[in-house]
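The values are calculated or read from the model by the stated rules, or taken from the named source; none is laboratory data. What you see is a predicted model; the values in this text were computed from it and never measured. Cβ atoms come from the backbone with ideal geometry, glycine included; neighbour counts cover every protein chain shown.
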Amino acid sequence: MSSDSLLSIANLLLPEVLVTYFDLKKHEIKGEELHFYFTEQNKAPEGHESTKLHSKGFFPEATVQDFPIRGKNVFLHVIRRRWVDQDTGTLITR
């Protein structure tokens, strides 16, 4: 299956913010559960494109249970990125 087809399917099934700002790193099927693992892309949040940001790692992984797909429970494992404004020292997140 081409990456365009996968992206189209992902747009239908997953929250828009995940498809837009996160990379799907892996997926697993564990019995009656689907697990999707996402890591946030290193792109500045909206409104901070012109700010001098430095990526400062990630927050701990958060797991969210989403709506079932074909009778299987769905778990989204999300790792969010954090940036520091180099001029002010403030923490920036999406």
Exercise for the section: Look at region 17-66 and say how many of its residues are surrounded by 15 or more Cβ atoms within 10 Å (Cβ to Cβ), of a type in the set (S, T, N, Q) and over 15 Å from R80 (Cα atoms). Expected result: 1
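Condition check: at pLDDT 90 or above and either touching a helix residue (DSSP H, G or I) at 6+ places or on another chain (Cβ under 6 Å) or small (G, A, S) (or both). Does G71 satisfy that?
On the way: at pLDDT 90 or above: yes; either touching a helix residue (DSSP H, G or I) at 6+ places or on another chain (Cβ under 6 Å) or small (G, A, S) (or both): yes.
For G71, the condition - at pLDDT 90 or above and either touching a helix residue (DSSP H, G or I) at 6+ places or on another chain (Cβ under 6 Å) or small (G, A, S) (or both) - is met.
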Practice task
Keeping to region 20-43, report how many residues are under 14 Å from the mean Cα position of the chain (by Cα) and part of a loop (DSSP other than H, G, I, E, B).
Solution key: 3
Fill in the blank from the handout: Of the residues in region 79-94, those that are closer than 19 Å to V19 by Cβ and either hydrophobic (A, V, I, L, M, F, W, C) or more than 17 Å from the chain's Cα centre (by Cα) (or both) come to I79
Fill in the blank from the handout: Of the residues in region 79-91, those that are assigned to a strand (DSSP E or B) and among the acidic types (D, E) come to D85
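In region 44-67, which residue that is hydroxyl-bearing (S, T, Y) and over 30 Å from E33 (Cβ atoms) is nearest to the chain's Cα centre (by Cα)? Please lay out each step first, then the result.
Taking region 44-67 first, the residues hydroxyl-bearing (S, T, Y) are 50-51, 55, 63.
Filter again for over 30 Å from E33 (Cβ atoms), leaving 50-51, 55.
Values: S50: 22, T51: 22, S55: 16 Å.
Among those that are hydroxyl-bearing (S, T, Y) and over 30 Å from E33 (Cβ atoms), it is S55.
Considering only region 49-78, state which residues are more than 20 Å from E16 (Cβ to Cβ) and part of a loop (DSSP other than H, G, I, E, B). Lay out the reasoning, then the answer.
Kept after step one, since they are more than 20 Å from E16 (Cβ to Cβ), are these residues of region 49-78: 50-61, 70-73.
Correct list: S50, T51, K52, F59, P60, E61, R70, G71.
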